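> What follows is a structure written as structure tokens; I'll ask about it next.
The values are calculated or read from the model by the stated rules, or taken from the named source; none is laboratory data. Remember, it's a predicted structure, so these values are computed and weren't measured experimentally. Here Cβ is always computed from backbone atoms with ideal geometry, including for glycine, and neighbour counts include all displayed protein chains. We work out accessible area using only protein heavy atoms, side chains counted, and drop any ligands, DNA or RNA first. Shrake-Rupley method; radii C 1.70, N 1.55, O 1.52, S 1.80 Å.
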Amino acid sequence: MTTIKLHNTMTRRKEAFVPIDPQDVRMYVCGPTVYDRAHLGNARPVIVFDVLYRLLRHVYGANHVNYVRNFTDVDDKINAKSAQTGREIGDITDETVSWFLEDMAQVGALEPNAMPRATQYIVQMVAMIEDLIARGHAYAAQGHVLFSVDSYAQYGALSGRSVDDMIAGARVEVAPYKRDPMDFVLWKPSDEATPGWESPWGRGRPGWHIECSAMAAELLGTQFDIHGGGNDLQFPHHENEIAQSRCAGHGFANVWLHNEMLQVEGKKMSKSLGNFFTVRDLLDQGVPGEVIRFVMLSTHYRKPMDWTEKKRVEAEQTLKKWFRQIGLSTATLDGSVHRGTIEAIADDLNTPEVISNLHALSNAGDFSQLRKSLYLLGLFDGQIPKWARVEGFSDAETGLIRDLLNRREIARGDRDFAKADLLRDGLLDAGVGIKDTATEPEFERLSNFDINKLDGLWGSS
RNA sequence: GGCGAGUUGGCGGAGUGGUUACGCGCCGGAUUGCAAAUCCGUGUAUGGGGGUUCGAUUCCCCCACUCGCCUCCA
């Protein structure tokens, strides 16, 4: 069996992955807060962990992997959006969830086995908070419940910080009801206008971190294999999850995986820099989902990834070539995969290495293995995508083009190259690309195909 | 201020204690009336300084720089 190696943030080392139960490999990934379209940065962890999900399914069997990714649907950003637009919170979150799933499907992400929403697990969160209070790890104060960081000696182990360091750095809001400035909120009160649930501490809503601890325990058990997310979540979110869960007596996650951030043309994506865009924006501009995925996978997940126009163009070019090549292969997608591909993915998801191997397969003319490898990577679903296919012409258009090409052949025969080139350039201008071959000239429809220009050319020559 | 990651050729981007993958670009060539496409081929890199070693790009230390996080954020 393939040995998967993963870089565990907790130990800061690459380790062989050993599941708790190979019949039931369990992974939890922090999903989005649903208040707006997913931006390009949101797509990175989705794609990275989708590759891992596919790898796990390949190694342990599709029915032996349980992948959970949550939707955070209770949050002050959502409340703000509701107040600002006058729309119901439920409408906003429902719509955003469906957008998210559509957009992520476009970049080739499989849906996880479960996609719990925080609002559906309030009961479990309240129970967990009560338990933490009973165990002396949390306390109620002024309608809030706070986790006592002081009560968990290993706090900071994941991110490599000590509580003293953090207090020294102090940019922490010090609320009067906190015993310690580092304590974080498990439950907070809601006013009339804010969503809330009845609880032993009055009407209120959960703090951000508790949902993942509660839902992971409910859906994956109190100890599971892998927990993932962006490295901006490492602190404080994941640190707090660990503190809560461990103090509730849970083993929690064995392996922690974090992907690095995304940049755009060398800079952090931000609204103020004007380089902020959503996945939907790119798709609407005609950037295929496969291209987005390819660019994402061309940088290792633990390195900052720079989205550039140049990479987009290169990716499109490479994929177009590969799709044409694998179109020549009839290999069935039976789950077998080229050894080099599987080994590179299993080596801490070294997708750049995989892509390098794919170039080798392409150059060697091994289109069957290329086909299978692209399938495992999620870049190919069994159908050559429309954008990579040579688009056909109607019969009438084909006749017209054949006639023009014929005239060009005659002109070439007469060594009237001026006329021949005029026809070639005219065809090109009308959006018909030409390649001379040993036998008949080949032609293809380009994106700027214009039947009127073609007609004009036919009439004037 | 604290914590973390990183610094490889023109660009992107891996691996490796001992001939530095691979892709794009560039250059040269084949082919072509010219193009396009295709094919063949050449060249170019491990931030700086120490240390360990027969030998370091790879391991260790220091420095410089870059990026991220520490505040909602994937």
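> How big is the gap, in Å, between the Cα center of the range A:276-290 and the Cα center of the range A:29-66?
19 Å
> Sequence gap at least 6, Cα distance under 8 Å: using those rules, report the relative contact order of the range A:395-460 to the nearest whole percent. Please report the intermediate quantities before stating the final value.
Numbers: 61 pairs, mean separation 19.4, N = 66.
Worked out over the range A:395-460, it gives 29 percent.
> Would you mind computing Rg(Cα) / (2.2 N^0.38 Å) for the range A:5-259, counting N as its residues? Before the final figure, lay out each step's value.
Details: Rg = 18.2 Å, N = 255, 2.2 N^0.38 = 18.1 Å.
Normalised Cα radius of gyration, the range A:5-259: 1.01.
> Below 8 Å between Cα atoms, with a sequence gap of 6+, how large is the relative contact order for chain A in percent?
Answer for chain A is 16 percent.
> To continue, here is another question. So which GluC sites (Glu not before Pro) in the range A:69-152 pass both tests, a DSSP loop state and at most 11 other Cβ atoms within 10 Å of the Cβ?
Numbers: sites: A:88, A:95, A:102, A:130; in loops: A:88.
Of the GluC sites (Glu not before Pro), the ones in loops of the range A:69-152 whose Cβ has at most 11 other Cβ atoms within 10 Å are A:88.
> Moving on. Quick one: which of A:322-334, A:104-116 comes out on top by average Cβ neighbours within 10 Å, and what's the full order, highest first? Can you show the working numbers first?
Numbers: A:322-334: 15.1, A:104-116: 18.8.
Per-residue Cβ counts within 10 Å, averaged per peptide and sorted highest first, yield A:104-116, A:322-334.
> Anything over 22 Å Cα to Cα? Flag those among A:311/A:453; A:77/A:271; A:5/A:268, in the order listed. Walk me through the intermediate numbers first.
Values: A:311/A:453 33 Å; A:77/A:271 16 Å; A:5/A:268 30 Å.
Beyond 22 Å between Cα atoms: A:311/A:453; A:5/A:268.
> Listed highest first by mean packing, meaning other Cβ atoms within 10 Å per residue, what order do A:213-222, A:352-361, A:402-411 come in? Please list the in-between numbers first.
On the way: A:213-222: 21.3, A:352-361: 18.1, A:402-411: 16.6.
Going from most to least packed, we get A:213-222, A:352-361, A:402-411.
> OK, next. Out of A:151, A:125, A:298, whose Cα points farthest toward the positive end of the dipole of chain A (charges: +1 Lys, Arg; -1 Asp, Glu; placed on Cβ)?
So the residue we want is A:298.
> So, one more: Using a cut-off of 16 Å between alpha-carbon atoms, which aspartates and glutamates can reach residue A:303, once sequence neighbours fewer than 8 places away in the same chain are excluded?
Reachable aspartates and glutamates: A:232, A:260, A:265, A:347, A:348, A:353.
> Let me ask something else about it. To the nearest 20 Debye, how big is the dipole of chain A about its Cα centre, given +1 on the beta carbon of each Lys and Arg and -1 on that of each Asp and Glu? All intermediate terms of the calculation are to be shown ahead of the outcome.
Details: 51 positive and 64 negative charges, 183 e Å.
Result for chain A is approximately 880 debye, rounded to the nearest 20.
> Something else: Starting from the Cα coordinates of the range A:263-388, work out the convex hull volume and express it per residue in Å³. Walk me through the numbers before you get to the answer.
Numbers: hull volume 12.9 nm³, N = 126.
Output value, Cα hull per residue: 102 Å³.
> With +1 on each Lys and Arg Cβ and -1 on each Asp and Glu Cβ, and nothing else charged, work out how big the dipole of the range A:42-101 is about its Cα centre, in Debye to the nearest 20. Mind showing how you got there, number by number?
Working: 7 positive and 8 negative charges, 82 e Å.
So the dipole magnitude of the range A:42-101 works out to roughly 400 debye.
> Here's something else I'd like to know. Over the range A:263-388, what is the relative contact order in whole percent, taking alpha-carbon pairs under 8 Å and six or more residues apart?
On the way: 107 pairs, mean separation 34.6, N = 126.
So the answer I get is 27 percent.
> Based on alpha-carbon centroids, what's the gap between the range A:85-149 and the range A:330-391 in Å, whole number please?
Cα centroid of the range A:85-149 versus Cα centroid of the range A:330-391: 37 Å apart.
> For the range A:395-460, what is the convex hull (Cα atoms) projected area averaged across all directions, in square nanometres? Spell out each step's value before the answer.
Numbers: hull surface 16.8 nm².
Result: a mean projected hull area of 4.2 nm².
> Against the empirical 2.2 N^0.38 Å scaling, what ratio does the C-alpha Rg of chain A come to?
On the way: Rg = 27.6 Å, N = 461, 2.2 N^0.38 = 22.6 Å.
For chain A, the normalised Cα radius of gyration is 1.22.
> Then there is this: Excluding residues fewer than 8 places away in the same chain, name every one of the lysines whose C-alpha is closer than 16 Å to that of residue A:310.
Reachable lysines: A:267, A:320.
> On to the next question. Treating the Cα atoms of the range A:338-461 as identical point scatterers in vacuum, please give the log10 of the normalised Debye intensity I(q)/I(0) at q = 0.16, 0.19 Å⁻¹, two decimals.
With one equal scatterer per Cα and no solvent, log10 I(q)/I(0) is -0.80, -0.94.
> If you don't mind, another one. For chain A, what is the calculated [θ] at 222 nm in deg cm²/dmol (nearest 500), taking -39500 (n - 2.57) for each run of four or more DSSP H residues and dividing by its residue count?
Working: 16 runs with 197 residues, N = 461.
Taken over chain A, the calculation gives -13500 deg cm²/dmol.
> Sticking with this structure for a sec: In whole percent, and with a 1.4 Å probe on the protein chains, what portion of the accessible area of the range A:283-425 is carbon and sulfur?
47 percent
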